[in-house]
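Notes to accompany the following structure.
Quick note: the coordinates plus some simple rules give every number you see, no bench work behind them. Not measured: the values here are computed from a predicted model. Positions of Cβ are backbone-derived with ideal geometry, glycine not excepted, and every protein chain shown enters the neighbour counts.
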């Protein structure tokens, strides 16, 4: 019985940690997705322009739209890679949480954890 109690406590701690990690991953993914949307909107805005302006710290710098398109395109690609990585991590944590939830429910049949 004592081993079972210790196992349950360890599983609960791990379950809580995994849920916190998943929440962090989801927030990061949302932030990056928003940033990507802003870049896509900026790309649409400069599509037909010859020149555009870029904010660099406290300055506004004039640049050719082709330079800005290249910079924004590279930034968008970088964000895509980071978002895909976060999606993999999200999937992994969801699987781990599901397994731990099932283990906990077997060890404590009266325990019903939310989905």
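By how many degrees, between 0 and 90 and to the nearest 10, does the Cα long axis of helix 2-46 differ from the longest principal axis of the chain?
10 degrees
Would you mind checking the tilt of helix 65-107 against the longest principal axis of the Cα atoms of the chain, expressed as 0 to 90 degrees and rounded to 10?
Its long axis makes an angle of about 10 degrees.
Identify the residues of segment 90-110 with backbone N under 18 Å of a label point that sits 7 angstrom from the Cα of residue 8 along the Cα-to-Cβ direction, or state none.
100-110
Please give the FRET efficiency for residue 37 paired with residue 63, using the beta carbon to beta carbon distance and R0 = 25 Å, rounded to the nearest 0.05.
For R0 = 25 Å, the calculated efficiency reads 0.70.
Given labels modelled 7 Å from the Cα in the Cβ direction, how far is it in nm from residue 90 to residue 106?
Each label point lies 7 Å from its Cα, and together they span 2.9 nm.
So how compact is the chain: Cα radius of gyration and Dmax in angstrom?
Gyration radius and largest Cα-Cα distance of the chain: 22.7, 74 Å.
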